[in-house]
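Worksheet for the structure shown next.
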Amino acid sequence: MLELILEMTEKQHDIITRFPPSPTGKLHIGNARTALFNYLFAKHNGGKIILRFEDTDRARSKKEYEENILDALSWLGLDMEFPEIYRQSERTEIYRKHLEHLLEKNAAYISNEKNERGEEGSVIRFRNPNTKITFTDLIRGEITFDTKELGDFVIARSIDNVIYHFAVVVDDFEMGLTHIIRGEDHISNTPRQILIQQAIGAPRPVYAHLPLILAKDRSKLSKRNGAVATTDYREQGYLPQAILNYLALLGWNPGTEQEIFTLSQLIEQFDINKIQKGGAVFDIEKLKWINKEHIKHLPPDTFLAMVEQYIPETIRNEVALQGKLHKLLPVIQEKTEILCDVKQQFDAGEYSYFFDDLPPYTIDKLLWKDEREPIKAAEKLSKVFEILSEISEKNFSEIFIKEKIWDFATNAGRGAVLWPMRYALSQREKSPDPFILSAILGKEGTLARLKKAIGALENHKTV
Ligand code: GLU
């Protein structure tokens, strides 16, 4: 038994995936999905994932992009698996060793030729055996290419300057990669890479090419329709757990109704065989909905810390208002899709009635549609006033208030009681229910508003 367990553990540890971004731009959201799928597959199988910067394009590769990629991965929470970071620019020796070996066995040759500018020079070309290559892709099934049309392709500009395909194959071999999970746009690179693998004597890893991410109109995802850097989503107020959740569903689903996942649930449920072939449509509305769901699950204090910056200083810093703000927080949390919404909500005065004195009442608005007599409304509000006066400050909570008012409202007509009560407290056509409003405003604030509304109704006998 023990042996079996050991064998199984060992086997699982064999799985190695990689995330090999080119640091020529910020971490694009589509590449974040590639990172996530490699991460989930490795973690699901108890394997590991390697981070490798593919910076062979020296002119376009920049440190700042490396930093952005690391920053984004760490924000997403995918960083803990990268104890060591590889850079192709630091691996010239390793590539040279393999290149020399290929030259020695005549699998590659130096070719003197003119470059595009007509200058004499030399490159190293791969001696193409011109065979048919068939590989089994975990997502797309069997794929066959005739490599004849590739000709003797270039694998290095010089002995110390290999091109991308060569570096990738050597790295995947040296790093013991078992699975290559990458975008579908790399399918056409695979036959070249397999030829190089065979020449250097590397075993063939398992390939899985992920479906493309498409815009809503099924065009290629571009900056205009949502393809922004992962860190831009952070700035806009998306939660990393929501981004991961949404990205996981771009091309994969567990085959159940579940749509909201934590990272550990994703790891547990991820099944590479359930990845779809067809393009995955990027839908910002769906992402917002997922974000909203994750925001709802945040502990209130965590939510407050995240949105504090968007709350006006006059409220944030005023000790007398902090209790009210705290009670209002669940209301804000419930309706927030992305964190920046909170700024807009405050800017638009959505919560001002909680903090500011109310102007005089418009009687018409205080009246329920089926009960248009101000004096009757005044009577009902007076009863509400009486009931609420008897509740202690300590018990002045939504649930308790509702419990006390409910029977009266049911007997006297819910609309006729609850509409004027709600309007008296908010002066808004739309607001949370009157029990929530009362709890947020507190006993004193609630009674003061009710009193003011009763006074206005009493002084206004007809409409
Ligand atoms: N560096 C390549 C890219 O950023 C990935 C290469 C690969 O996955 O094999 O698209």
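Throughout, read-outs are computed from the coordinates displayed, never taken from laboratory work. A quick note: this is a predicted structure, and the numbers were derived from the prediction, not measured. Cβ sites come from the backbone with ideal geometry, for glycine too, and all protein chains shown count toward neighbours.
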Between the helical axis of 2-13 and the dominant principal axis of the chain, each derived from Cα atoms, what acute angle in degrees is found, rounded to the nearest 10?
-> 90 degrees
Length-normalised contact order of segment 96-209 in % [C-alpha pairs under 8 Å, at least 6 apart] = 25 percent
What shape does segment 362-431 have by the C-alpha gyration tensor, where a ≥ b ≥ c are the square roots of the eigenvalues, rounded means a/c under 1.5, and otherwise prolate means a/b greater than b/c and oblate the rest?
-> prolate
What's the local net charge at R224, with K and R +1, D and E -1, over the other residues with C-beta under 13 Å away?
-> +2
Scaled radius of gyration (Cα, divided by 2.2 N^0.38 Å) that segment 272-413 gives = 1.46
Contact order relative to length for the chain, counting C-alpha pairs under 8 Å separated by 6 or more residues, stands in percent at 12 percent
From largest to smallest, what semi-axes in whole angstrom does the chain give when each is the square root of 5 times an eigenvalue of its alpha carbon gyration tensor?
-> 66, 22, 19
How big is the convex hull of the Cα atoms of segment 209-269, per residue, in Å³?
-> 116 Å³
Per 5 angstrom bin, beginning at 0 and ending with the bin that holds the maximum distance, the Cα pairs of segment 194-244 fall in percents of 5, 15, 14, 13, 14, 9, 10, 12, 7, 1
Note down the net charge around D370, summing +1 for each Lys or Arg and -1 for each Asp or Glu among other residues with Cβ under 12 Å from its Cβ.
-> +2
Kirkwood-based Rg to Rh ratio, segment 1-152, C-alpha trace = 1.05
Taking Cα atoms only, helix 319-335 is inclined relative to the longest principal axis of the chain by an angle, in degrees rounded to 10, of 60 degrees
May I ask you to work out the translational diffusion coefficient for segment 151-243 at 10 °C, viscosity 1.306 mPa s, via Stokes-Einstein with Rh from the Kirkwood sum over Cα pairs, reported in whole µm²/s?
-> 99 µm²/s
In segment 1-154, lysine pairs 8 or more places apart or on different chains with C-alpha atoms under 15 Å apart total 6
